[in-house]
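See below for the structure under consideration.
The values are calculated or read from the model by the stated rules, or taken from the named source; none is laboratory data. Since the structure is predicted, the reported quantities are computational estimates derived from the model, not experimental observations. Neighbour counts run over all protein chains shown; Cβ positions are idealised from the backbone, glycine included. For the accessible areas, the whole protein counts, side chains as well, though only heavy atoms, and no ligand, DNA or RNA atoms are used. Shrake-Rupley method; radii C 1.70, N 1.55, O 1.52, S 1.80 Å.
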Amino acid sequence: MIRLLFALSLLLIPFTAWGQTGLEAVQVQTGEDGAQTWSLSLQVLALMTVLTLLPAALLMMTSFTRIIIVLSILRTAIGTATTPPNQVLLGLAFFLTLFVMMPVFERVYDNALQPYMAEELSAEDAVREASGPIRDFMIAQTREDDIGLFLRIANHDEVEAPEDVPFSVLVPAFLTSELKTAFQIGFILFLPFLVIDLVVASTLMSMGMMMLSPMIVSLPFKIMLFVVVDGWSLVMGTLAASFFS
């Protein structure tokens, strides 16, 4: 994807050069070995274009999807519609994502970003080095059935090794696997709160208090249960550990 953005940025050169010739900002110099050197302004343009895709990359290629879905299901299971608020859930999901992805980010920084800033790697080589740790993380969390599904949809040949899976297939397969895993965890979290709702509803009905909403009575018990078992620590710890198993 980043390579595509770089290529699209290169396409802007001829159209800009028609109106104003000789501008350093839109020149690409080709060396004797065929390597291309971009001017600083064009690099900034490409960087700003890539930055606009960071939210999508955060959703598609990190642990954020699984974490935010599980936290949302947990809030629904407890029965508190707006507590914790969306901002708190997003903040928890974001910083837990940083915790889970930190080893991957450190590898990207050491292998790609730092050598590129030191001018030891070209932009294409830096992108190639940066994609390796991210690909390894996504492959480790993706089911083989999901990869096979999207390979068949794309009419792609069978791959012999995980590193041969193209990004266009790996990203949707990874998202599908993350959705499956998130809903499986959410189902397990939902069960104890569902039991409390059933017990409270049966008790109220047996007492003839059918006009009283069971949700109002069961909510304090569900909150008390969640606090007594130290639910937030268990949920956050289980979510983080699910990526390292």
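For the stretch 97-107, does any single residue satisfy the condition of being surrounded by fewer than 19 Cβ atoms within 10 Å (Cβ to Cβ), within 19 Å of the chain's Cα centre (by Cα) and under 30 Å from residue 191 (Cα atoms)?
Yes, because at least one residue in the stretch 97-107 is surrounded by fewer than 19 Cβ atoms within 10 Å (Cβ to Cβ), within 19 Å of the chain's Cα centre (by Cα) and under 30 Å from residue 191 (Cα atoms).
Test residue 200 against the stated conditions and say whether it is more than 19 Å from residue 73 (Cβ to Cβ) and assigned to a helix (DSSP H, G or I).
Judged against the criteria, residue 200 is a match.
Evaluate the stretch 73-80: report whether one residue or more is in contact (Cβ under 8 Å) with a residue 24 or more places away in the chain, closer than 20 Å to residue 163 by Cα and not aliphatic (A, V, I, L, M).
Scanning the stretch 73-80 turns up no residue that is in contact (Cβ under 8 Å) with a residue 24 or more places away in the chain, closer than 20 Å to residue 163 by Cα and not aliphatic (A, V, I, L, M).
Quick check, is residue 119 farther than 30 Å from residue 71 by Cα and either under 13 Å from the mean Cα position of the chain (by Cα) or surrounded by 14 or more Cβ atoms within 10 Å (Cβ to Cβ) (or both)? Working first, answer last.
Values: farther than 30 Å from residue 71 by Cα: yes; either under 13 Å from the mean Cα position of the chain (by Cα) or surrounded by 14 or more Cβ atoms within 10 Å (Cβ to Cβ) (or both): no.
No; evaluated as a whole, the condition is false for this residue.
How many of the residues in the stretch 140-178 are β-branched (Val, Ile, Thr), part of a helix (DSSP H, G or I) and either open to solvent by less than 40 Å² (accessible area, probe 1.4 Å) or closer than 17 Å to residue 56 by Cα (or both)?
Residues flagged as β-branched (Val, Ile, Thr), part of a helix (DSSP H, G or I) and either open to solvent by less than 40 Å² (accessible area, probe 1.4 Å) or closer than 17 Å to residue 56 by Cα (or both) within the stretch 140-178 amount to 4.
Exactly one of (1) open to solvent by less than 80 Å² (accessible area, probe 1.4 Å); (2) farther than 30 Å from residue 142 by Cα; (3) not polar (S, T, N, Q); (4) not in a loop (DSSP other than H, G, I, E, B) is unmet by residue 205. Its number?
It is condition (1) that residue 205 fails.
Would you check which residues across the stretch 106-123 are in contact (Cβ under 8 Å) with a residue 12 or more places away in the chain and under 21 Å from residue 62 (Cβ atoms) and list them?
Passing the criteria: 107, 108, 111, 112, 113.
Does the stretch 57-66 include one or more residues that are open to solvent by 80 Å² or more (accessible area, probe 1.4 Å), small (Gly, Ala, Ser), modelled with pLDDT of 75 or more and not in a helix (DSSP H, G or I)?
no
Name every residue in the stretch 124-136 that is open to solvent by less than 20 Å² (accessible area, probe 1.4 Å) and either within 18 Å of residue 243 (Cα to Cα) or free of Cβ contacts under 8 Å to residues at least 12 places away in the same chain (or both), in order of residue number.
Result: 133, single match.
Being hydroxyl-bearing (Ser, Thr, Tyr) and in a helix (DSSP H, G or I) is the filter; apply it to the stretch 79-137 and report the residue that is farthest from residue 147 (Cα to Cα).
As a first pass, look at the stretch 79-137 and keep what is hydroxyl-bearing (Ser, Thr, Tyr): 80, 82-83, 97, 109, 116, 122, 131.
Those left that are additionally in a helix (DSSP H, G or I): 97, 109, 116, 131.
Values: 97: 23, 109: 28, 116: 32, 131: 18 Å.
Here the answer is 116.
Please count how many residues of the stretch 208-236 are without any contact (Cβ under 8 Å) to a residue 60 or more places away in the chain, exposed (fewer than 13 other Cβ atoms within 10 Å of the Cβ) and part of a helix (DSSP H, G or I).
Summing the residues that are without any contact (Cβ under 8 Å) to a residue 60 or more places away in the chain, exposed (fewer than 13 other Cβ atoms within 10 Å of the Cβ) and part of a helix (DSSP H, G or I) in the stretch 208-236 gives 7.
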